[in-house]
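Enquirer: Take this structure first; my questions come after.
Taken together, the values in this text are just the output of simple stated rules run on the coordinates, not laboratory data. Note that this is a predicted model, so its numbers are computed, not measured. Cβ atoms come from the backbone with ideal geometry, glycine included; neighbour counts cover every protein chain shown.
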Amino acid sequence: MDITEAIDDSFGIEVILSEGGKTPPCCPHGPALLFEKVSKGGEKGRRFYACSACRDRKDCSFFQWEHEKVSEARLLAREAENQLRRPPFSQKEYCTRFRKFASLPPDKKKFCQDCQILLLPGEHEAHTSHKSTDVSESQLRRPSVLLRPLDNKKSNAQYLFTDRSSHFMLDTLAALGYRKVLCVGTPRLQELIKLRNLEQKHEPMKSLLLDIDFRYAQFYSQDEFCHYNMFNHHFFGGEASNAVLQAFLTESDGDKVVMVADPPFGGLVKPLANTFSLISQTWRKLQSSDSSNADMPMMWIFPYFFEPRILESFPSFSMLDYQVDYDNHPLYKHGKTGRRQSPVRLFTNITPRAVVLPKEEGYRFCSVCERYVWSLNKHCAKCNICPSKDGREWKHCSLCEKCVKPSWKHCQACGHCALPLHPCGHSPGKEGCFCCGSLQHKHKACPLKDTHRINSCRPNAKSGAKNVSRKPLLKRKAKRKSGAARRIKKAAQSM
Ligand SMILES: C[S@@+](CC[C@H](N)C(=O)[O-])C[C@H]1O[C@@H](n2cnc3c(N)ncnc32)[C@H](O)[C@@H]1O
Ligand SMILES: [Zn+2]
Ligand SMILES: [Zn+2]
Ligand SMILES: [Zn+2]
Ligand SMILES: [Zn+2]
Ligand SMILES: [Zn+2]
Ligand SMILES: [Zn+2]
């Protein structure tokens, strides 16, 4: 039995976080997450453990029923597999290697494209049949350019910030007085911070990168990089890495710290929120007593249609109108220049009016909402908000008494606004409640609403809950959208 079979006949999957003190089994990505099947009637199904980080079982096939007895032989095989998938060097060894590499003459500085590793002199021979390239000083300072972005659509596609977006974020954080940036899954931001320090034009900033991609370990010292899984707050380097985080979060000499996280798109909100809360708690414990109630300043970069779910976990967060865009993503471009506007936004507990969005890019300040908004996001006097979420100009419907997407029309039969081609008359929706499957009510009225909170409530039967990828969502007219893509698109439409 594997995860696909386990969820094949199911209606939905829910993540169960920390119930009691049971230690979860480990896959190569650290402690597995506990999931629960939810069937159409809303009955709870069997619980099982699966990998926290991989949404494709080709990347990690770990599966175990909650109360399954696992034989000694299987445990040993598992441990062997976990060992096999560890990085070839420890962080300390990577640092020593880097120092050696940096001191090599320019013509000896080689990088193996196939193995994605910096080569030391004695190692060239073993890579002669591989494609290797020279590494310049400036390339060594830009690992996110040197390394091939991971493009595994299902588990870990690496989308790197454009200069526009990364400079905007860094300038904003610097202007707000932050001197330490905890970079969770944001290697390009960390790189920019280090480059900026070299210019010696600004007050120096410190950064610590936490990322699952251990190729980055080659370029950073032990207090600059930790091999980390943000879905279970797992440090592959154990206690030593945890100590690095603690030291970083300690605000000595008034160095204010902020976290910036850009998780993979299909990442489950609930475990991510749990991780960010744990980081905030660690930060709080390290503060002087006067900030014992404060929350750690955070920016969580995620698509706008996850707003309800993020706010459910972090009610003090606001979604900003700023459109984050990516270099290696042709469709996720800013405003008018790209084929589409990027749906990726900043969610933050920093006061929105303090985050000044650039006027020259088309943002303006709304004095009523006290935040910067996108030019097409016009303030509605009736709703008394700037209502647009997706960057388009929304319009007020007096019957619904709220602003709706420009493409929506008020439907008399349904009694609310919807896309002109919606499955009309099937109120509360042809597919009923997306939480428990009942056709009698909508999610809002679902009696199980508070018990069934998962990122994407209902997986497509075949593709499974974990098949959430970043790319398919972007292809508006993809021939056949994955279950996840359909779901996320639906989430976007229902907003
Ligand atoms: C969408 S990319 C964001 C990159 C960012 N925009 C930048 O330019 O620096 C997601 C990042 O999270 C990392 N990542 C993916 N899964 C992760 C996990 N389970 N734990 C920690 N990091 C992860 C990836 O290696 C990648 O660097
Ligand atoms: Zn795994
Ligand atoms: Zn090689
Ligand atoms: Zn407004
Ligand atoms: Zn309105
Ligand atoms: Zn309406
Ligand atoms: Zn209708």
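Enquirer: Step through the residues of segment 135-147 one at a time and calculate ³J(HN,Hα) from phi using the Karplus curve (6.51 cos²θ - 1.76 cosθ + 1.60, θ = phi - 60°), rounding each to whole Hz and writing x for Gly and Pro.
Expert: 10, 7, 4, 5, 5, 5, 8, 10, x, 5, 8, 5, 6
Enquirer: So who's got an amide H within less than 5 Å of the one on Cys417, skipping anything under 5 residues away but keeping other chains? H placed 1.01 Å off N, in plane.
Expert: Here Cys411 satisfy the definition.
Enquirer: Given a Förster distance of 35 angstrom, what is the FRET efficiency for His130 paired with Asp223, based on the Cβ-Cβ distance and rounded to 0.05?
Expert: For R0 = 35 Å, the calculated efficiency reads 0.65.
Enquirer: Could you tell me which of the pairs Lys180/Lys285; Lys180/Lys389; Lys92/Lys180; Lys69/Lys285 are separated by over 27 angstrom between their Cα atoms in the structure shown?
Expert: The pairs that break the limit, which is 27 Å between Cα atoms, are Lys180/Lys389; Lys69/Lys285.
Enquirer: Given a cut-off of under 8 Å on Cα pairs at least six residues apart, what relative contact order in percent is computed for segment 99-144? Could you put the intermediate results ahead of the total?
Expert: On the way: 46 pairs, mean separation 17.7, N = 46.
For segment 99-144, the relative contact order is 38 percent.
Enquirer: While we're on this one: Tally the DSSP beta bridges in segment 151-374 and give the antiparallel ones as a percent, rounded to 5.
Expert: 45
Enquirer: Something else about it: Kindly write out, for segment 405-418 in residue order, the coupling ³J(HN,Hα) from the Karplus curve 6.51 cos²θ - 1.76 cosθ + 1.60 (θ = phi - 60°), rounded to whole Hz, with x marking Gly and Pro.
Expert: 4, x, 7, 8, 10, 6, 9, 5, 4, 8, x, 7, 6, 7
Enquirer: While we're here: How do 250-258, 196-204, 232-240 rank on mean C-beta neighbours within 10 Å, highest first?
Expert: 232-240, 250-258, 196-204
Enquirer: If you average 1/r across every pair of different Cα atoms in segment 151-374 and take the reciprocal, what Kirkwood value do you get, in Å?
Expert: Values: mean 1/r = 0.0556 Å⁻¹.
Final number for the Kirkwood radius of segment 151-374 is 18.0 Å.
Enquirer: Please work out the C-alpha center-to-center distance from segment 232-303 to segment 144-184 and express it in whole Å.
Expert: 17
Enquirer: Going by amide H atoms built from the backbone, whose H comes under 5 Å of the H on Arg46, apart from near neighbours?
Expert: Result for Arg46 returns Lys37.
Enquirer: Related question: Given Cα pairs under 8 Å that are at least 6 residues apart, what percent is the relative contact order of segment 337-383?
Expert: Relative contact order for segment 337-383 comes out at 26 percent.
Enquirer: Can you list the residues, at least 5 places off or on another chain, whose amide H is less than 5 Å from the amide H of Ile16, using H built in the peptide plane?
Expert: The answer is Leu34, Phe35, Glu36.
Enquirer: Treat each spin label as a single point 7 Å out from the Cα along the C-beta direction, and report the Ser398 to Gln246 distance in nm.
Expert: Once both label points are built, they end up 6.4 nm from each other.
Enquirer: Counting Lys +1, Arg +1, Asp -1, Glu -1, what net charge surrounds Arg97 among other residues with beta carbon under 15 Å of its beta carbon?
Expert: Summing Lys and Arg as +1 and Asp and Glu as -1 gives +4.
Enquirer: How big is the dipole moment of segment 3-84 about its Cα centre under a simple scheme where the beta carbon of each Lys and Arg is +1, that of each Asp and Glu is -1, and everything else is neutral? Debye, nearest 20, please.
Expert: Dipole magnitude for segment 3-84 comes out near 60 debye.
Enquirer: Principal axis lengths of segment 3-84 from Cα atoms, whole Å, largest first?
Expert: Per principal axis, max minus min of the Cα coordinates gives 41, 30, 21 Å.
Enquirer: Also, I was wondering about something else. Short version: ³J(HN,Hα) in whole Hz for each residue of segment 343-356, in order, from phi by Karplus 6.51 cos²θ - 1.76 cosθ + 1.60 (θ = phi - 60°), x for Gly and Pro, what are they?
Expert: Calculated HN-Hα couplings, in order: x, 8, 10, 9, 10, 8, 9, 7, 3, x, 5, 7, 9, 6 Hz.
Enquirer: Could you give the length gained on full extension between Gln200 and Ile16, defined as 0.36 nm per residue of separation minus the Cα-Cα distance, in nm?
Expert: Between Gln200 and Ile16, full extension yields an extra 61.5 nm.
Enquirer: In percent, what relative contact order does segment 29-103 have, based on Cα pairs under 8 Å that are 6 or more apart in sequence?
Expert: Details: 57 pairs, mean separation 14.7, N = 75.
Value for segment 29-103: 20 percent.
Enquirer: At what distance in nm do the modelled label points of Ala354 and Asp255 sit from each other, each positioned 7 Å from its Cα along Cα→Cβ?
Expert: Result for the modelled spin labels: 1.9 nm.
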